[in-house]
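Take a look at the structure below.
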Amino acid sequence: MSKDRQPPKLAPKEELDALLQEFSNMNAYGDAIRQQLELASNIIGDMLLSKASLTEIKSRGGNGETLIHIGAGNYIKAQLKEVNSVIIGIGSGVSVEKSLDDAISNINSRIKQGQEQATALQNNYVQISARLGQLQSRIDQLYAQLEAAGQA
């Protein structure tokens, strides 16, 4: 018969130190996930804007007026005439020319991937937050115990 072996019980001060280290690590990991989630949200926002722009261009038959961003919050007006294709980035600095329909389809796919990634990051962040709450509760208990014993 095998028994489940429990790790040796730590003294309250040693347990507190270990929990504080884990809390610090989990907090840093949570911050990193929060940053990744913010980046994913920004990318999704850019993709949604691109999709809306291409859909509007398509609805106008590839014609119409637009504003072109030239940097630092500056734009120029331009006339579109017979836009049938778009140059889109596909990653790693590589761009390809695609029809409007193919570009919209590609962007839809990338939006879906980004949303799936954001959902996974959000779920991971919720788990980390729950663990941080558990750690904080136990840290508070141990600190109160040590304080009552005059060891804090």
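Here, each number is a calculation from the coordinates, and none is a lab measurement. Remember, it's a predicted structure, so these values are computed and weren't measured experimentally. Virtual Cβ from ideal backbone geometry, glycine too; neighbours counted across all protein chains shown.
Some observations on this one:
- Model label points for L67 and A52, set 7 angstrom from Cα along the Cα-to-Cβ axis, are 1.3 nm apart.
- Convex hull volume per residue, computed on the Cα atoms of region 93-136, equals 65 Å³.
- Extension gain from N108 to N124, taking 0.36 nm per residue of separation minus the Cα-Cα distance: 3.3 nm
- Computed from Cα positions, the angle between helix 12-59 and the longest principal axis of the chain comes to roughly 10 degrees.
- Compactness check for the chain: Cα Rg over 2.2 N^0.38 Å is 1.78.
- Each label was represented as a point 7 Å from its Cα along the Cα-to-Cβ direction; for Q134 and V96 these points are 4.5 nm apart.
- Largest-first ellipsoid semi-axes for region 36-87, taking √(5λ) over the Cα gyration tensor eigenvalues, angstrom: 24, 16, 8
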